[in-house]
């Protein structure tokens, strides 16, 4: 859906690199990592809690938390070069999608210490005015 919105309305390509470029491929990789890999683990925690509310299986929850932590470590390693955002100094829709993954991580894994590069990145995302407005409007929730 995000890609559809970008293609339909981001005519100046402010939130994604030019299609067909190497950077666009890297951008897509980050979008899919956030959605299909990182959020998969945190989403399964939410699904398990909803489905088995009265009889949670801690080994299942811990496996999913560990998968999410592994995603966080991979992201931390990618950010080790000091870049501000996933695509360098430019904020893109991949950062929006990764921001949702962080919200889901906090909600479903817990408020635990993040690796240093991931922590720096998350602080930068949360400081953005648009994130602050979403927070005030109570839109920053993840199941």
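Every residue in the stretch 92-130 that is more than 22 Å from residue 65 (Cβ to Cβ), under 13 Å from the mean Cα position of the chain (by Cα) and either modelled with pLDDT under 95 or not in a helix (DSSP H, G or I) (or both), please. Within the stretch 92-130, just 92 meets the criteria. Evaluation of residue 13 against the conditions (1) modelled with pLDDT of 95 or more; (2) more than 15 Å from the chain's Cα centre (by Cα); (3) part of a loop (DSSP other than H, G, I, E, B) shows that the sole unmet condition is (1). Here residue 62 meets each of (1) in contact with a helix residue (DSSP H, G or I) (Cβ under 9 Å, 6 or more places away or on another chain); (2) farther than 16 Å from residue 37 by Cβ; (3) assigned to a helix (DSSP H, G or I) with one exception, condition (1). Out of 34, 46, 68, one residue alone is in contact (Cβ under 8 Å) with a residue 40 or more places away in the chain, farther than 21 Å from residue 121 by Cβ, surrounded by 13 or more Cβ atoms within 10 Å (Cβ to Cβ) and in contact with a helix residue (DSSP H, G or I) (Cβ under 9 Å, 6 or more places away or on another chain). It is 46.
I'd like the full set of residues that are closer than 16 Å to residue 89 by Cβ and either in a helix (DSSP H, G or I) or touching a strand residue (DSSP E or B) at 6+ places or on another chain (Cβ under 8 Å) (or both), limited to the stretch 16-30.
23, 26, 27, 30
Just name the residue that is nearest to the chain's Cα centre (by Cα) out of those in the stretch 79-91 that are surrounded by fewer than 17 Cβ atoms within 10 Å (Cβ to Cβ) and in a helix (DSSP H, G or I). Ranking the qualifying residues of the stretch 79-91, first place goes to 80. So, in the stretch 131-143, of the ones that are in a loop (DSSP other than H, G, I, E, B) and free of Cβ contacts under 8 Å to residues at least 40 places away in the same chain, which residue ends up surrounded by the most Cβ atoms within 10 Å (Cβ to Cβ)? Filtering the stretch 131-143 for residues that are in a loop (DSSP other than H, G, I, E, B) and free of Cβ contacts under 8 Å to residues at least 40 places away in the same chain, the one surrounded by the most Cβ atoms within 10 Å (Cβ to Cβ) comes out as 140.
The values are calculated or read from the model by the stated rules, or taken from the named source; none is laboratory data. Small disclaimer: the values here were computed from a predicted structure and weren't measured. Neighbour counts run over all protein chains shown; Cβ positions are idealised from the backbone, glycine included.
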